[in-house]
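Written below as structure tokens is the structure these notes are about.
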Amino acid sequence: MDDRETASLVEFLAGVRRVVALTGAGISAESGVPTFRGKDGLWRQYRAESLATPEAFARDPALVWEWYDWRRGLIAPVGPNPGHAVLAAWEDRFEDFAVITQNVDGLHRKAGTKNLLELHGNIWRARCTREGTVREILTTPLPEVPPLCPDCGALLRPDIVWFGESLDPDVLDRAFALSAGCEALFVIGTSSVVQPAASLPAAAARGGAKVIEVNLEPTPLTPHADHFFPGPAGQVLPLLDRRLRERTGGGRRGSGQSNGKGRSS
Ligand SMILES: [Zn+2]
């Protein structure tokens, strides 16, 4: 990414209103969250793929919860990085800004992002297997394993989309609508190969959006992206944000366009 390309992107971003960021494991890894894949994913003798399934939970809910309890313990002390912070601040910069994440660690919310779609759920939430009600459980380690629903006594399960399960169709519909309707889509810290999230950049491009990729290494998306910024999100995003603030005089929604909603600027 040379300086002229950055300048033209900044010029473009200064004039857009609807922006979406799609994030994945890379931005969490920068904060120190293990990926729980490969060697990182081993717990006792188990692999993530053998625990994060409905079958494993049906067989041994306590074992599955012990594993999530361990993961929650690793994630609890981890904080958002400057990349998360910029995305949280962009809710003020752009008229419509949303984060769609594949991460379950809750770091976007910790950073202050409110307009957030969590495609794969959230490790800090549990769902009643009988009633479907969802509650937040922040205590770690868990006081009881497996935890039971305080309302009906049924088993709670992690509010996570497991291997072999479908994404919440509602969440997925909103993710596609946001992507198809945005003017710029950032793809950050994700290899863009896992479906259905991998289709979101294509939906954005079809809708006429610019696709801007921020990843450590090129990915299958890179040849299709309008811009590729190699590097950690925690460096690239603050740099872009600084350039954008310089361009717009630090103002919020700095393009000065009427947003048609009567909001004051
Ligand atoms: Zn219940």
>> Can you tell me which of (1) modelled with pLDDT of 95 or more; (2) closer than 27 Å to Asn81 by Cβ is the one Pro146 doesn't meet?
In response: (2)
>> Pairs needed: first member in the range 139-165, under 13 Å from Glu66 (Cβ atoms) and in contact (Cβ under 8 Å) with a residue 40 or more places away in the chain; second member anywhere, more than 16 Å from the ligand (Cβ to nearest atom) and of a type in the set (Val, Ile, Thr); C-beta distance under 8 Å; at least 6 residues apart or different chains.
In response: Pro146/Val64; Pro158/Val64; Pro158/Ile123
>> Here's a check for you: in the range 129-175, which residue that is crowded, with 17+ Cβ neighbours inside 10 Å, of a type in the set (Val, Ile, Thr) and under 27 Å from Phe97 (Cβ atoms) is farthest from the ligand (Cβ to nearest atom)?
In response: Val161
> Which one of Asp96, Asp60 is crowded, with 16+ Cβ neighbours inside 10 Å and acidic (Asp, Glu)?
Replying inline: Asp96
>> For the range 29-45, check the following and say yes or no: at least one residue is over 19 Å from the mean Cα position of the chain (by Cα), under 28 Å from Pro238 (Cβ atoms) and loosely packed, with under 15 Cβ neighbours inside 10 Å.
In response: yes
> Going by the conditions given, is Arg71 among the basic types (Lys, Arg) and either at pLDDT 95 or above or out of contact with any strand residue (DSSP E or B) (no Cβ under 8 Å at 6 or more places or on another chain) (or both)?
Replying inline: no
> For the range 199-212, how many residues meet the condition of being buried (at least 19 other Cβ atoms within 10 Å of the Cβ) and under 16 Å from His120 (Cβ atoms)?
Replying inline: 1
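The values are calculated or read from the model by the stated rules, or taken from the named source; none is laboratory data. Predicted, not measured: the structure shown is a model, and the values here were computed from it. Every residue, glycine as well, gets a Cβ built from its backbone with ideal geometry; the counts of neighbours run over all protein chains shown.
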